[in-house]
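Inspection log for the structure reproduced underneath, given as structure tokens.
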Amino acid sequence: MIRKSPPGAGKLRAADSVGYQAHVLARLFRNHMNEHLRQLGMSVGQFAILRALWEENGLSLKGIAGRCPIDLTTVTRTLSRMERDGLVKRRRNKHDKRIVNFFLTARAKANRDAAIAGTIEVNEHAFRGFDDVEREVAMTLMERLEANLRRKSSVRAKPNLRPHP
């Protein structure tokens, strides 16, 4: 079914807005992920940073920010909380003392598989009732929406935005 906005300038029902639908989906994903991650002493706000460090432990602040869909200021604050909570440790770079590298603690390493399993579970739940073709079409359409919005605005493209399954 193709949805069209009702006639009339400036009228758009929330249900017809891709932005509204994306917001609702993001909020639902966040809530489901937080529910799972809280049991591990983590939050969804920390997950992108943890994922980056699980892929390459010892990244610098800029290295982490470049791999996460989060601005540098938020990454800095989140890393401070993660250090306080015993998920990361910071160390000065051996070759350049101006750079600080972040390393996962044993606790963060130990919870990797459970955190990723939770992500997979939430994604599988969201795609319940979809066949493989519908799932691929949905992902492709979302990627196209993202690409369109990135071309329209000055939002900086960041690598590796697509989360692990």
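Residues of segment 98-154 that are touching a residue at least 40 places away in the same chain (Cβ under 8 Å) and in contact with a Ser or Thr (Cβ under 6 Å, 6 or more places away or on another chain): ASN101 alone.
Within segment 63-117, the set of residues being among the small types (Gly, Ala, Ser) and within 23 Å of HIS36 (Cβ to Cβ) comprises GLY86, ALA106, ALA108, ALA110, ALA114, ALA115, ALA117. When ALA48, ALA15 are checked against the criterion of being under 27 Å from ALA126 (Cα atoms), modelled with pLDDT under 90 and part of a helix (DSSP H, G or I), ALA15 stands alone in meeting it. Checking the stated criteria, LEU28 turns out to be more than 22 Å from ARG91 (Cβ to Cβ) and part of a helix (DSSP H, G or I).
Residues in segment 126-141 that are surrounded by 12 or more Cβ atoms within 10 Å (Cβ to Cβ) and in a helix (DSSP H, G or I): ALA126, ARG135, VAL137, ALA138, MET139. All of ILE64, ILE99 fail the test of being more than 26 Å from THR140 (Cβ to Cβ), touching a strand residue (DSSP E or B) at 6+ places or on another chain (Cβ under 8 Å), among the β-branched types (Val, Ile, Thr) and surrounded by fewer than 15 Cβ atoms within 10 Å (Cβ to Cβ), apart from ILE99.
ASN123: within 15 Å of MET33 (Cβ to Cβ) and either buried (at least 20 other Cβ atoms within 10 Å of the Cβ) or polar (S, T, N, Q) (or both), yes or no? Spelling it out, ASN123 is indeed within 15 Å of MET33 (Cβ to Cβ) and either buried (at least 20 other Cβ atoms within 10 Å of the Cβ) or polar (S, T, N, Q) (or both).
Let's see how each residue does on (1) among the polar types (S, T, N, Q); (2) free of Cβ contacts under 8 Å to residues at least 40 places away in the same chain:
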site: TYR20; (1), (2): no, yes
site: ASN34; (1), (2): yes, yes
site: LEU37; (1), (2): no, no
site: PHE47; (1), (2): no, no
site: ARG51; (1), (2): no, no
site: LYS62; (1), (2): no, yes
site: MET82; (1), (2): no, yes
site: ARG91; (1), (2): no, yes
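The values are calculated or read from the model by the stated rules, or taken from the named source; none is laboratory data. Treat the numbers as computed from the prediction; the structure is a model and nothing was measured. Cβ: placed from backbone, ideal geometry, glycine included. Neighbour counts: every protein chain shown.
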